[in-house]
Amino acid sequence: SSLIASVTTQGGGGGSAYGVLNGGAGGKATSTLNVLGAGNLVAASTASGGGGGTSSGGIIGAGGAATATTVATGSSLNARATATGGTGGATAGAALATTTATGASGTLSAIASTALATGKLIQSVTATASGFVDGTSLARGQAGIGGTPALFATGPQAIAVVMGAPSAASTKAVLTANNNIKTTFGLSPVFFAIGELGGGYSTGGAAASQTSTAEIDETVDLTKLATRKDLVIGFYGGTTLGTGVTGVTFNLYADGGATAILTETFASAADAQAWFTNNAVDLGSLATNPLINANILTLRAVLTVTSTSAGSGFYGDVIIGDPPPAMTAAASPVRFAQAAAGLGATPVAISGFVHADADVWRPMLANPA
């Protein structure tokens, strides 16, 4: 038999308004569960911020923030925290989910999501962090739209953070510190998201190895772009803890997450850190890419980390956006791959895109001319 413990909170919806007044802001929601149980334990905390109210003039209020926290202790656990920020017109409710699980087996997850009303460039974002319970494990998910990303963090067994439509100050800071990424994005880009993905070995674990998964998802309404250009992702801030990381894999999916448009597998944390150091990848046109579905771009970025000892982990940042055209036809991704082939690299076709070894063509991305 299993012991099931759960707590759910819901913020109230914002009030209606008339004329040019904004709809009322949605209410905040905070849900906290701290439970100890023997045997099989299912523990879940759920918080949902209230949606912004509407006005007769069509101005929707801000969404309410949501914070969900689960702390569970037992022998076998299924522990999770789910935070959903309220949908807003111009301001989405921030969401933070944290799960701490102490036991010998089981799973844990933290899921944070939020959204804006129809008609905005960034429709929704979700951050999901998950892993296996072994010792004391921590998972954290955090999501927002239109603000400053959370500070970079290391240490959790799994962490996923996403800020859709990040503030100008935060994108400028990334570009200033990463010249290759800055060059690839060029002048006046539109940024879709900044995110962190990472994971490591839990405290007090006994397993020979642990694997954690960090994922960020985003939905973008491409009809809100003045001009569709290229989809570019920059990798930076790669950080390694300890010496026990034995494998890191990164996948970027499009078209509802069905097709991988970029796959990188690293045999060591050093290889992953090199990739997540001032590196930019152009994935082709948003205007002609067959993975675009009915003017809606859906992206899913997934990082898995396998480690073998406490204090070990890998964490990295991504920045995703749409830069102005910076490459001539002669310097297209296909040409990049052809040039790489001539230098001894082996291009690989992935879902209509061509992807070659990064060490060969990264300088071309940094200087397309």
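The values are calculated or read from the model by the stated rules, or taken from the named source; none is laboratory data. Please read these numbers as outputs of a predicted model, since none were measured by experiment. Here Cβ is always computed from backbone atoms with ideal geometry, including for glycine, and neighbour counts include all displayed protein chains. Please note that ligands, DNA and RNA were not included when accessible areas were found on the heavy atoms of the full protein model with its side chains. Shrake-Rupley method; radii C 1.70, N 1.55, O 1.52, S 1.80 Å.
What the table shows:
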| read-out | value |
| --- | --- |
| For segment 58-180: relative contact order, % (alpha-carbon pairs under 8 angstrom, 6 or more apart) | 20 percent |
| Residues with amide H under 5 Å from that of Gly247, placed H, sequence gap 5 or more | Thr306 |
| ³J(HN,Hα), Karplus 6.51/-1.76/1.60, whole Hz, each residue of segment 47-54, x for Gly, Pro | 10, 10, x, x, x, x, x, 9 |
| Within segment 93-123, backbone nitrogen closer than 20 Å to the virtual label 7 Å beyond the Cα of Ser16 toward Cβ | 117-118 |
| Residue of Ser55, Ser31, Ser188 that the Gaussian network model of the chain assigns the largest fluctuation, springs spanning Cα pairs under 10 Å | Ser188 |
| Accessible surface of the chain, 1.4 Å probe, proportion on carbon and sulfur as whole % | 56 percent |
| Within a Gaussian network of the chain (alpha carbon springs, distance under 10 Å), most fluctuating of Ala44, Ala104, Ala173 | Ala173 |
| Phi-based couplings in Hz for segment 26-40 (Karplus 6.51, -1.76, 1.60; Gly and Pro marked x) | x, x, 6, 9, 10, 10, 10, 10, 10, 9, 10, x, 9, x, 7 |
| Of Thr46, Thr32, Thr213, the one that fluctuates the most in a GNM where the chain has Cα springs shorter than 10 Å | Thr32 |
| Residues in segment 62-105 that a label on Ile4 would reach, taking backbone N under 20 Å of a point 7 Å out along Cα→Cβ | 69-83 |
| Whole-number percent relative contact order across segment 121-202, with pairs defined as alpha carbons under 8 Å at least 6 apart | 33 percent |
| Segment 1-59 - accessible surface per residue (Å², probe 1.4 Å) | 55 Å² |
| Nonlocal amide H pairs with Ala280, under 5 Å, H built at 1.01 Å | Phe235 |
| Qualifying lysines (Cα of each under 29 Å from Cα of Lys229; at least 8 residues distant if same chain) | Lys120, Lys172, Lys182 |
| Förster radius 35 Å - calculated FRET efficiency between Ser188 and Ile296, Cβ distance, rounded to 0.05 | 0.90 |
| For segment 156-236, accessible area per residue (1.4 Å probe, heavy atoms of protein chains only), Å² | 35 Å² |
| Estimated [θ] at 222 nm from DSSP helical runs (n ≥ 4, -39500 (n - 2.57)) normalised by residues in the chain, nearest 500 | -3000 deg cm²/dmol |
| Distant-in-sequence amide H partners of Ile59 (H built 1.01 Å from N, under 5 Å) | Gly23 |
| For segment 212-258 and segment 159-211, distance of Cα centres in Å | 9 Å |
| Residue-by-residue Karplus 3J(HN,Hα) for segment 62-72, coefficients 6.51, -1.76, 1.60, Hz, glycine and proline x | 6, x, x, 6, 9, 9, 10, 9, 10, 10, 9 |
| Listed candidates [x] 28.9, 112; [y] 26.2, 102; [z] 21.2, 66 - label of the one calculated as Rg and Dmax of the Cα atoms in Å | [z] |
